[in-house]
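The values are calculated or read from the model by the stated rules, or taken from the named source; none is laboratory data. Owing to the predicted nature of the structure, the values given are computational and were not obtained by experimental measurement. All Cβ positions, even for glycine, are placed from backbone atoms using ideal geometry, and neighbour counts span all protein chains on display.
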Amino acid sequence: MKDFNLRHLRIFETIASCGSFSRAAEQLGMSQPAVSMQLRQLETDLGTLLFERPQRQRLTDAGQDLLQHARVILAQVRATEDAMAVHEAEASGASAAGARGPRGLLHLGVVSTAHYFAPRLLSEFHRRHPEVRLKLTVAKRSEVLAMLQEHRLDIAITGYPPSEADLEAASFARHPHCIVAHPGHALARRRGLAWADLRDEEFIFREGGSATRQFLEHLLQSQSIQIKRGMELAGNETIKQAVMCGMGISFLSAHTFQVELGAGLMAVLDVQGMPKLIDWCFVQRRDTLLTGANAAFRQFVFEEGATLAACRVA
């Protein structure tokens, strides 16, 4: 087997992650024929096919193996580049926390609810560290954690600590959840509601498997109460529209309805024991020492994250 270079690995990993040669070419700033040629050269050097023919949309077994190793290698290369950038700054007379500060790419993965405040975090961080390039990926919790484990991300923000042994999490802010309704709903004018007062209300549920749905079901079980199940809808935005149309009440993260609450389009019901709080967590792999922009962002999140992620609940 001939030697292969990092450029070939980056191109291969991008194709595999994008699932398309055309999208990979666009992301890499290359033409599609050039991407195809580089992949053919890598397959020739390795003496094996990496994508099944003829469509080349699925990885072969060899391709799957290479992808796992490539992501680890490329993650280590990024960490090495960050570390060397620090030494370069020190050699030129600027400390790691000096005038130049961290550089490179910061790729943050967040669950869907966190995207309501993640841009605010990134904006303030970029104001302090303008040489850092930013990328934000928003996905389901399971997808974000999988990307961490596969070395496609180095850092992430989720609403629950992960149970995976190879990931570690630390909380940095509180995450309130409330029962919401149309402002004209009869219960919106009442105070000190008990959970039993919600028994006959049409309840709009998030889709099965969502963290919000799991949290609500846990609360209902702890209250030993059966509620009237109405529609099941996918996504916070769809549920908000249904609530504002008066189709029922729902249980939502407070981050999702800040605009609607401020505009008087939605009301938070005054239910005893509410809002319910969980933590926002900063998540990383246990086997990875964060450096450069990632380390600077982690420090920033624990110093400023609670303030920047704060939201109204009434």
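Hey, any hits in the stretch 256-267 for a residue that's on the phi < 0 side of the Ramachandran plot, acidic (D, E) and modelled with pLDDT under 95?
Keep residues of the stretch 256-267 that are on the phi < 0 side of the Ramachandran plot, which gives 256-263, 265-267.
Applying the additional criterion that residues be acidic (D, E) yields 260.
When the remaining residues are screened for being modelled with pLDDT under 95, the result is none.
Checking the stretch 256-267: not a single residue is on the phi < 0 side of the Ramachandran plot, acidic (D, E) and modelled with pLDDT under 95.
Starting from residues that are touching a residue at least 12 places away in the same chain (Cβ under 8 Å) and among the β-branched types (V, I, T), keep the ones in the stretch 298-314 and report whichever is nearest to F282 (Cα to Cα).
Applying the first criterion (touching a residue at least 12 places away in the same chain (Cβ under 8 Å)) to the stretch 298-314 yields 298, 300-302, 304-306, 308-314.
Subset that is among the β-branched types (V, I, T): 301, 313.
Values: V301: 8, V313: 23 Å.
Restricting to residues being touching a residue at least 12 places away in the same chain (Cβ under 8 Å) and among the β-branched types (V, I, T), the top hit is V301.
Can you confirm whether the stretch 216-228 contains a residue that is more than 30 Å from H129 (Cα to Cα) and among the small types (G, A, S)? Reasoning before the result, please.
Initially, the stretch 216-228 is screened for residues more than 30 Å from H129 (Cα to Cα), giving 216-228.
Cutting the leftovers down to among the small types (G, A, S) gives us 222, 224.
Yes: the stretch 216-228 contains one or more residues that are more than 30 Å from H129 (Cα to Cα) and among the small types (G, A, S).
Just for the stretch 8-34: of the residues that are hydroxyl-bearing (S, T, Y) and in a helix (DSSP H, G or I), which one is farthest from L148 (Cα to Cα)?
Out of the qualifying residues, it is S22.
Among A169, A146, which is part of a strand (DSSP E or B), closer than 30 Å to L121 by Cα and out of contact with any helix residue (DSSP H, G or I) (no Cβ under 9 Å at 6 or more places or on another chain)?
A169
Only one residue in A254, A267 is of a type in the set (G, A, S), within 20 Å of R191 (Cα to Cα), surrounded by 13 or more Cβ atoms within 10 Å (Cβ to Cβ) and more than 24 Å from the chain's Cα centre (by Cα), so which one is that? Can you show your working first?
Working: A254 fails: more than 24 Å from the chain's Cα centre (by Cα).
Only one candidate qualifies: A267.
Does T212 meet the test of being among the polar types (S, T, N, Q) and farther than 28 Å from C18 by Cα?
On the way: among the polar types (S, T, N, Q): yes; farther than 28 Å from C18 by Cα: yes.
Against the criterion (among the polar types (S, T, N, Q) and farther than 28 Å from C18 by Cα), T212 qualifies.
Filter the stretch 25-83 down to the residues that are surrounded by 13 or more Cβ atoms within 10 Å (Cβ to Cβ) and acidic (D, E) and list them by number.
Result: E26, E43, D45, E52, D65, E81, D82.
What do you reckon, is Q226 surrounded by fewer than 19 Cβ atoms within 10 Å (Cβ to Cβ), part of a helix (DSSP H, G or I) and either free of Cβ contacts under 8 Å to residues at least 60 places away in the same chain or at positive phi (or both)? Give the steps one after another, and end with the answer.
On the way: surrounded by fewer than 19 Cβ atoms within 10 Å (Cβ to Cβ): yes; part of a helix (DSSP H, G or I): no; either free of Cβ contacts under 8 Å to residues at least 60 places away in the same chain or at positive phi (or both): yes.
It is false that Q226 is surrounded by fewer than 19 Cβ atoms within 10 Å (Cβ to Cβ), part of a helix (DSSP H, G or I) and either free of Cβ contacts under 8 Å to residues at least 60 places away in the same chain or at positive phi (or both).
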